[in-house]
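The values are calculated or read from the model by the stated rules, or taken from the named source; none is laboratory data. In this text the structure is predicted, and so the values were computed from the model without any measurement. No Cβ is skipped: glycine too gets one built from the backbone with ideal geometry, and neighbour counts run over all protein chains shown.
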Amino acid sequence: MRRIIFDNDTIDAIRLFMEIEHHTVAQTANKFRVSEDTIRRVMHEHNIAPGHPEKRTGLLRQITDEKIAQAIHFFKDTEIPMKKLCEELKLEYYMVLEILRANFTEEEINRRKSKLYRYSKLGDNNPMKGVTQEQHHNWIGGVVSDGQGYLMVKKPEWYTGRKGSDYVFQHSVVMCKALGITEIPQGFAVHHIDHNPLNNNINNLALIQMGGHSRLHQIEKKMMIPCKVQRLSDTGVGESPNA
């Protein structure tokens with residue numbers, strides 16, 4: 001039978017869950033998704049005392065109603081992180097957690113935790129703020145991915161489309177250069193003939209009206225084979241990345 005090995009952080013978490021928060025072997029096994037025998041082995045190997053539910057229940061009796069009401073208010077009506085919340089209430093983390101578990105579901109607690117984590121990465125705290133060009137994980141020698149399978153490039157000075165954007169679709173720039181225009185005219189789209197959005201060679205691009213572009217994809221989907229199209233040489237293409 002495979003023996004489960006826990007790292008020190010997990011062992012400390014089990015100790016907190018049992019000795020401080022006073023959860024039972026069964027509750028701990030369920031929490032850490034292992035068997036009760038595994039939890040008992042960890043308890044024996046690391047000298048972890050068993051949980052006592054009656055002590056856990058008694059924790060709330062040690063806290064004033066005013067403190068409990070404050071904790072509920074901070075949790076529901078503010079975005080104070082747990083560490084700050086504990087400092088405001090002058091209570092240990094496990095005591096605040098016990099108040100929350102008595103008044104909110106695990107889903108509500110986890111949802112708030114996730115929301116605060118997202119907020120912590122905004123603005124100056126965003127690890128990607130100021131990361132540009134070769135420092136960015138999507139940088140490909142001046143070309144970046146839009147995250148949807150298409151490539152984008154820094155907008156050339158002559159390009160007048162996508163006003164307010166620093167980057168434009170590479171296939172649009174290639175098509176405009178070939179046709180001698182400065183932006184993709186309204187109502188047109190660039191089609192990738194081989195269905196590979198990363199292949200932006202002019203020989204793989206076709207200029208098609210939006211309606212025709214949609215019908216072409218419908219036909220191709222029914223036939224399950226690519227349709228042969230010829231690149232138009234006049235009038236441009238819309239700014240849709242779809243191809």
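Here are the numbers for the structure shown:
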| read-out | value |
| --- | --- |
| Segments classed as helices (runs of 4 or more DSSP H), wholly inside the stretch 56-125, with at least 2 members that are modelled with pLDDT of 85 or more, surrounded by fewer than 12 Cβ atoms within 10 Å (Cβ to Cβ) and in contact with a strand residue (DSSP E or B) (Cβ under 8 Å, 6 or more places away or on another chain) | none |
| Filter pass, GLY180 being surrounded by fewer than 17 Cβ atoms within 10 Å (Cβ to Cβ), of a type in the set (Gly, Ala, Ser) and modelled with pLDDT of 85 or more | yes |
| Those residues of the stretch 1-35 which are among the basic types (Lys, Arg) and within 30 Å of the chain's Cα centre (by Cα), in sequence order | LYS31, ARG33 |
| Residue in the stretch 12-47 that is farthest from GLU98 (Cα to Cα), counting only those that are β-branched (Val, Ile, Thr) and modelled with pLDDT under 85 | THR24 |
| Candidates GLY180, GLY164, filtered to the one that is more than 18 Å from TYR150 (Cα to Cα), within 33 Å of the chain's Cα centre (by Cα) and of a type in the set (Gly, Ala, Ser) | GLY164 |
| Where a residue in the stretch 84-95 is under 14 Å from PHE74 (Cβ atoms) and touching a residue at least 12 places away in the same chain (Cβ under 8 Å) and its partner, wherever it lies, is exposed (fewer than 14 other Cβ atoms within 10 Å of the Cβ) and of a type in the set (Asp, Glu), with Cβ under 8 Å and at least six apart | none |
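Okay, residues lined up against (1) crowded, with 20+ Cβ neighbours inside 10 Å; (2) in a helix (DSSP H, G or I):
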{"position": "SER172", "(1), (2)": "yes, yes"}
{"position": "GLN186", "(1), (2)": "no, no"}
{"position": "HIS191", "(1), (2)": "yes, no"}
{"position": "HIS195", "(1), (2)": "no, no"}
{"position": "LEU198", "(1), (2)": "no, no"}
{"position": "LEU207", "(1), (2)": "yes, no"}
{"position": "GLY211", "(1), (2)": "no, yes"}
